[in-house]
Amino acid sequence: MKFCSLCGHEVALGIPPGDNRPRYSCASCGTIHYQNPNMVLGTVPVWGDRVLLCKRAIEPRYGYWTLPAGFMENGETTVEGAARETVEEAGARVEIGELFSMLDVPHVHQVHIFFLAEMLGPELDPGPESLEAKLFDEAEIPWEQIAFRTVEQTLRWFFEDRRRGAFGIHTGAIQYPARRANR
């Protein structure tokens with residue numbers, strides 16, 4: 001950040017009085033510009049015994065598979081955002097269920113939240129951010145082509161819970177550096 005979004009003057013990085021961490025502040029108007037993590041919202045959409053994945057048509061991770069998910073927009077709830085992303089990326093109509101996973105990704109300033117979701121039909125119509133949308137059973141999941149570690153972990157928890165016959169809420173953190181060079 002170089003300039004104040006309120007008055008246009010230059011900002012400086014420093015610890016404001018009464019705070020405990022560096023923030024961009026404007027000496028001209030006194031505004032402190034707080035920067036907080038972005039929320040990524042998505043679903044684990046299920047049709048029968050299969051899970052819906054989307055092949056990314058955008059960077060990062062173009063051509064890799066992911067659960068339908070994206071950034072939360074102002075003015076929407078987490079459930080609304082997860083449902084919207086599922087429609088935008090896969091054209092899938094879903095009924096959102098319970099919160100399933102929440103993963104902190106501090107090195108990119110994000111929190112990823114996934115909800116369980118029942119598809120209301122098998123119809124798919126991928127949007128411009130997806131090359132393809134497809135239903136996979138567990139044995140068909142392209143594990144080496146999963147785009148993000150949060151998605152991989154969420155899928156592993158999902159299949160473990162399904163085998164156990166009970167779904168819970170899972171939390172964790174994805175720490176940098178990635179375990180694989182291509183992640």
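Structure summary
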| item | result |
| --- | --- |
| Approximate spin-label separation E132-T171, in nm, with each point projected 7 Å along Cα-to-Cβ | 3.8 |
| Neighbour cut-off at most 11 other Cβ (10 Å), DSSP loop, chymotrypsin sites (Phe, Trp or Tyr not before Pro), the range 13-94 | Y34, Y62 |
| DSSP-defined antiparallel bridges as percent of all bridges, the chain, nearest 5 | 65 |
| Mean separation of Cα contacts under 8 Å, 6 or more apart, over the residue count of the chain: relative contact order % | 21 |
| Proximal charge balance of P106 [Cβ under 15 Å; K/R count +1, D/E count -1] | +1 |
| Orphan Cys of the chain, criterion: no other Cys C-beta under 4.7 Å | C54 |
| In nm, spacing of pseudo-spin labels at Y62 and E80 (7 Å Cα→C-beta vector) | 3.3 |
| Qualifying trypsin sites (Lys or Arg not before Pro) in the range 1-89, DSSP loop, other Cβ atoms within 10 Å at most 13 | K2 |
| Degrees separating the helix 78-90 axis from the principal Cα axis of the chain, which is the longest one | 60 |
| Cα-Cα pairs of the chain separated by more than 30 Å (percent) | 29 |
| Kirkwood Rh and Cα Rg combined as Rg over Rh, evaluated for the range 44-126 | 0.95 |
| Centre separation in Å (Cα based) which lies between the range 1-49 and the range 65-95 | 23 |
| At most 15 other Cβ within 10 Å, DSSP loop - GluC sites (Glu not before Pro), the range 1-76 | E73, E76 |
| Distance (nanometres) between label positions extended 7 Å along Cα→Cβ at F71 and H9 | 2.8 |
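Where a number appears in this text, it was derived from the coordinates with a stated rule and is not lab data. Bear in mind the structure is a predicted one, so any value in this text is a computation, not a measurement. FYI the Cβ positions are ideal-geometry reconstructions off the backbone, even for glycines, and counts take in every protein chain you see.
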